[in-house]
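*Asks:* Sharing a structure, written as structure tokens. Questions coming.
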Amino acid sequence: MENTTLKLRGMSCASCASSIEDAINSVPGVNECIVNFGAEQATVKYDPRRTDLEAIQEAVDAAGYSAYPLQEQNLMAGEDDAEKRHRLRESRDLMRKVTVGGIISTVLLIGSLPMMTGLHLPFIPAWLHNPWVQLILTTPVQFWCGYSFYINGWKALKRHAATMDTLIALGTSAAYFYSLFPTLFPSFFINQGLMPDVYYETAAVVITLILLGRLFENRAKGQTSEAIRKLIGLQAKTARLIRNGREVDVPIEEVIIGDVILVRPGEKIPVDGEVIEGASTIDEGMVTGESVPVKKQPGDEVIGATINKTGSFKFRATRVGSDTVLAQIVQLVQQAQGSKAPIQRLADQVTGWFVPAVIAIALLTFIIWFNFTGNVTLALITTVGVLIIACPCALGLATPTSVMVGTGKGAENGILIKGAESLELAHKIQTIVLDKTGTITQGKPTVTDFVTVNGTANGNEIRLVRLTASVERNSEHPLAEAVVRYAQSQEVALADVKEFEAITGSGVQGIVSEHLVRIGTQRWMSELGIDTQALQQDKERLEYLGKTAIWIAVDGQIQGLMGISDAIKPTSIQAIHALQKLGLEVVMLTGDNRRTAETIAREVGIKRVLAEVRPDQKAATVQKLQSEGKIVAMVGDGINDAPALAQADVGMAIGTGTDVAIAASDITLISGDLRSIVTAIQLSRATIRNIRQNLFFAFIYNVAGIPIAAGILFPIFGWLLNPIIAGAAMAFSSVSVVTNALRLRKFQAKPVA
């Protein structure tokens, strides 16, 4: 399967989005298509052996719309030139039509005041009352300003569908052509004892108001992608390369992997790389959300778009273009903004039958009022009102606009949310499972104690360190790295290892200088039949202090014990306390022995500990928690956490961890600060609250608006909803939903007392 994102043109409402979705999904070979009305994008998963982009684009064209693929190479350039020109042209066209329509509508309203009020108003010129004058004024508004409604309505009709444009075209045409009849044949109405009233101003004002609403809506929708534009704007424009001993400024696009780049105080770091000379502090807040500058020295990684604060340094470029951290963040945010939240399914179902239902209600309204009253004017006003006030656009925009703003806000806070489903599910989390090493702790353990059976005489300790570190050098485990660093600090020369083997969740073994060396857990030693009694008291002492005890056996005999400690992150206690205050159960998951695990848990305030869990058992452990009926989130950073992250309802990876863990997760916390979990959950809750508000307003608007437009209040109060008011309400319903979604841009994580 391949994934692609298509930019869509021609959509006017949520019904259009449903039509495009159906058209693409009907293409053989397409596995899934999600159309985001707010982002005007389609995310398509398809089998390239059965179909291609051209076939998918043809299906969109056949549905009456157009689509083109977003190119990855233009990712960091924002909108391409063609798209910018299209948006500018569309905005100018709307502005021209709103201006012309507004002027004409104002004149028509003034001319219609005597008829609307029933009063003689001498200050209004008599010629403005003339139906022929009103016909001449209205016609350009009806057929030039309202041209798109007819074209899009006709396209929908050809594919046996109906959209918002269909309703507007029907409603305004009913007012226009009804008015045309008494203009051409006034005597017919007079002979029937009826006033030859005309409603040209209704058609003109409704079209103008709806176009004005779309103009505002387009501008507001543009603001929902502000986070993307901010992120793209973070990148530097040039880089200062060191070539042949000279400093050369080049555009960032010309930087290649391996280039050496000089960065001075106050400058942006152009691309990702590794410091090779000098030292400084870097403000990484714009990418990671971390407010405290980070100290950098040779060997440390730097991230493109972050700001150098104090010293000058040189670094070697390791990732450029679309491979940089910033580019990947932008890509993830775009992917999330184009996704669809499960809460949107109800709105999609309603939108599917909404327009046909409104047309049926409008026809029924006309029939009922005309049959009961015989008053064609009353029947017409109510029918036009129903057609005009109905608005599936608000329903279509309710969810995607909030998701776009919410995921963008997450990126600003160093939280990458892969999709709308993850964003929605995060607010339901009941249990948070935290891996210990690298998540609660720093993930950089150090050897603090080294105890040997035979003491230190005759270089026994150095010999044992050499044997142990030689084997551990072949392992990627953080504890193994701690042992190797300890040997290096003792300036111990390491030896070659034969037949190295890592036993998952137990330890490692290998042959060094003809000796079989095993390093691992007490459980593994017991399974091998190795007696550990000689150092049992030392092991208990180390575990009491919260340290991990690593056993060393040579040729089947216990020879030593290492105590390894991993410092707790400074913010872990605060974050865990905040999660508990949010009503969440916090569980610690670790492969460490129970005593060490419980010591760490007591220190950070965790009550439930799952200890001595092997890496291959972590996913099953998460599944067991889910079987208790809980929505479970897993937070981890290592390769061995990936299955558990994938198993959890919501997987959260520490951004400082491995690529595998990040790929398996739903949410990535770039900074590695556990307080980001609290922010992610609060953001999810705020976004879902915002979506529910939008859906409530959209549903209530239509549930209440359509009956009022149909004249339900007329028998009681003698009051009818003027189609002009209905048009204004419809036009601004979508604007109100988008505006409410934009309130999320002010989101700030709240401190939990």
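*Asks:* Would you be able to say whether some residue in region 118-132 is farther than 29 Å from Glu40 by Cβ, at pLDDT 85 or above and in contact with a Ser or Thr (Cβ under 9 Å, 6 or more places away or on another chain)?
*Replies:* yes
*Asks:* Please go through region 558-581 and give me each residue that is touching a residue at least 12 places away in the same chain (Cβ under 8 Å) and open to solvent by 40 Å² or more (accessible area, probe 1.4 Å), ordered by number.
*Replies:* Ala567, Ile573, Gln574, His577, Gln580, Lys581
*Asks:* Within region 672-697, how many residues turn out to be in a helix (DSSP H, G or I), touching a Ser or Thr at 6+ places or on another chain (Cβ under 7 Å) and crowded, with 21+ Cβ neighbours inside 10 Å?
*Replies:* Total satisfying the criteria: 5.
*Asks:* Which pairs have Cβ atoms under 6 Å, sit 6 or more apart or on different chains, and link a residue in region 503-523 that is within 14 Å of Val483 (Cβ to Cβ) to one that is small (Gly, Ala, Ser) and open to solvent by 30 Å² or more (accessible area, probe 1.4 Å)?
*Replies:* Close Cβ pairs (under 6 Å, with a partner that is small (Gly, Ala, Ser) and open to solvent by 30 Å² or more (accessible area, probe 1.4 Å)) amount to Val508/Ala502.
*Asks:* Further, regarding this structure: Pairs needed: first member in region 96-112, touching a residue at least 60 places away in the same chain (Cβ under 8 Å); second member anywhere, of a type in the set (Asp, Glu); C-beta distance under 6 Å; at least 6 residues apart or different chains.
*Replies:* Leu108/Glu201; Leu109/Glu201; Ser112/Glu201
*Asks:* Considering only region 409-436, state which residues are open to solvent by 40 Å² or more (accessible area, probe 1.4 Å), modelled with pLDDT under 85 and either part of a strand (DSSP E or B) or polar (S, T, N, Q) (or both).
*Replies:* Asn413
*Asks:* For region 10-50: of the residues being more than 26 Å from Gly213 (Cβ to Cβ), over 18 Å from the mean Cα position of the chain (by Cα) and hydroxyl-bearing (Ser, Thr, Tyr), which is surrounded by the fewest Cβ atoms within 10 Å (Cβ to Cβ)?
*Replies:* Per the stated criteria, the residue is Ser26.
*Asks:* What is the number of the single condition among (1) open to solvent by less than 30 Å² (accessible area, probe 1.4 Å); (2) closer than 24 Å to Gln617 by Cα that Val492 does not meet?
*Replies:* Only one criterion in (1) open to solvent by less than 30 Å² (accessible area, probe 1.4 Å); (2) closer than 24 Å to Gln617 by Cα is unmet by Val492, namely (2).
*Asks:* In region 251-277, what residues are surrounded by fewer than 16 Cβ atoms within 10 Å (Cβ to Cβ) and part of a strand (DSSP E or B)?
*Replies:* If the condition is that a residue be surrounded by fewer than 16 Cβ atoms within 10 Å (Cβ to Cβ) and part of a strand (DSSP E or B), then Pro251, Val260, Glu274, Ile276, Glu277 are the ones that fit.
*Asks:* Can you say whether Gly385 is of a type in the set (Gly, Ala, Ser), in contact with a helix residue (DSSP H, G or I) (Cβ under 7 Å, 6 or more places away or on another chain), closer than 30 Å to Ala42 by Cα and not in a loop (DSSP other than H, G, I, E, B), as far as the supplied structure shows?
*Replies:* No.
*Asks:* Another question, if that's okay. For residues that are under 16 Å from Ser15 (Cα atoms) and of a type in the set (S, T, N, Q), tally how many sit in region 149-190.
*Replies:* 3
*Asks:* Ok, one more. Report every pair of residues separated by at least 6 positions or lying on different chains whose Cβ atoms are under 6 Å apart, first residue within region 53-74 and closer than 17 Å to Glu32 by Cβ and at pLDDT below 85, second in a loop (DSSP other than H, G, I, E, B) and open to solvent by 50 Å² or more (accessible area, probe 1.4 Å).
*Replies:* Filtered contacts from region 53-74: no entries.
*Asks:* Identify the single condition in (1) touching a Leu at 6+ places or on another chain (Cβ under 9 Å); (2) at pLDDT below 90 that Gly505 does not satisfy, given that it satisfies every other one.
*Replies:* (1)
*Asks:* Any residue that is at pLDDT 80 or above and open to solvent by 10 Å² or more (accessible area, probe 1.4 Å) - is there at least one of those in region 211-222?
*Replies:* Looking through region 211-222, at least one residue is at pLDDT 80 or above and open to solvent by 10 Å² or more (accessible area, probe 1.4 Å).
*Asks:* Ok, one more. Name the residues in region 702-712 that are under 17 Å from Phe370 (Cα atoms) and open to solvent by less than 50 Å² (accessible area, probe 1.4 Å), would you?
*Replies:* Pro707, Ala709, Ala710, Gly711
*Asks:* Checking Pro298 against (1) open to solvent by 60 Å² or more (accessible area, probe 1.4 Å); (2) part of a strand (DSSP E or B): exactly one of these is not met. Which one?
*Replies:* Pro298 satisfies all of (1) open to solvent by 60 Å² or more (accessible area, probe 1.4 Å); (2) part of a strand (DSSP E or B) except (2).
*Asks:* Examine region 400-408 for a residue that is over 30 Å from Gln331 (Cα atoms), open to solvent by less than 10 Å² (accessible area, probe 1.4 Å) and in a helix (DSSP H, G or I), and state whether such a residue exists.
*Replies:* The answer is no; no qualifying residue exists.
*Asks:* Follow-up question, since we're still on this one. Would you kindly identify the helices (runs of 4 or more DSSP H) lying entirely within region 523-635 that contain at least 2 residues that are within 21 Å of Ile667 (Cα to Cα)?
*Replies:* By residue number, 572-581, 618-627.
*Asks:* Also: So the check is Cβ under 7 Å with 6+ separation or different chains; which pairs have a first residue in region 235-264 that's farther than 18 Å from Gly311 by Cα and a second one that's open to solvent by 30 Å² or more (accessible area, probe 1.4 Å) and among the aromatic types (Phe, Trp, Tyr)?
*Replies:* none
*Asks:* Please go through (1) surrounded by 14 or more Cβ atoms within 10 Å (Cβ to Cβ); (2) over 25 Å from the mean Cα position of the chain (by Cα); (3) modelled with pLDDT under 80 for Val292 and return the number of the only condition it doesn't satisfy.
*Replies:* (1)
Here's the yes/no breakdown for (1) in a helix (DSSP H, G or I); (2) of a type in the set (Gly, Ala, Ser); (3) at pLDDT 80 or above; (4) in contact with a Ser or Thr (Cβ under 9 Å, 6 or more places away or on another chain):
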residue: Ala305; (1), (2), (3), (4): no, yes, yes, yes
residue: Gln335; (1), (2), (3), (4): yes, no, no, yes
residue: Arg345; (1), (2), (3), (4): yes, no, no, no
residue: Val350; (1), (2), (3), (4): yes, no, no, no
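*Asks:* Moving on to the next point. For region 51-73, what are the residues that are on the phi < 0 side of the Ramachandran plot, in a loop (DSSP other than H, G, I, E, B) and more than 25 Å from the chain's Cα centre (by Cα)?
*Replies:* Thr51, Asp52, Ala63, Tyr65
*Asks:* Sticking with this one: Among (1) in contact with a helix residue (DSSP H, G or I) (Cβ under 9 Å, 6 or more places away or on another chain); (2) open to solvent by less than 60 Å² (accessible area, probe 1.4 Å); (3) modelled with pLDDT of 80 or more, where does Leu363 come up short?
*Replies:* (2)
*Asks:* Restricting the search to region 123-180, which residues are touching a residue at least 24 places away in the same chain (Cβ under 8 Å), part of a loop (DSSP other than H, G, I, E, B) and under 35 Å from the mean Cα position of the chain (by Cα)?
*Replies:* Those that are touching a residue at least 24 places away in the same chain (Cβ under 8 Å), part of a loop (DSSP other than H, G, I, E, B) and under 35 Å from the mean Cα position of the chain (by Cα): Arg159, Ala161, Ala162, Thr163.
*Asks:* Which pairs have Cβ atoms under 9 Å, sit 6 or more apart or on different chains, and link a residue in region 198-214 that is in contact (Cβ under 8 Å) with a residue 24 or more places away in the chain and on the phi > 0 side of the Ramachandran plot to one that is of a type in the set (Gly, Ala, Ser) and in a helix (DSSP H, G or I)?
*Replies:* That search, which allows pairs on different chains as well, returns nothing.
*Asks:* Quick one: which of Thr532, Thr504 is open to solvent by 40 Å² or more (accessible area, probe 1.4 Å), of a type in the set (Ser, Thr, Tyr) and under 29 Å from Glu598 (Cα atoms)?
*Replies:* Unique residue meeting the criteria: Thr504.
*Asks:* While we're looking at this one, here's another question. If I go through region 631-647 residue by residue, how many of them are open to solvent by 10 Å² or more (accessible area, probe 1.4 Å) and at pLDDT 90 or above?
*Replies:* Looking only at that region, the number is 1.
The values are calculated or read from the model by the stated rules, or taken from the named source; none is laboratory data. The model shown is predicted, which means the values in this text are computed figures rather than measured ones. So basically every Cβ, Gly included, is an ideal-geometry build from the backbone, and we count neighbours across all protein chains shown. In case anyone asks, the SASA skips ligands and DNA or RNA and just uses the protein heavy atoms, side chains included. Shrake-Rupley method; radii C 1.70, N 1.55, O 1.52, S 1.80 Å.
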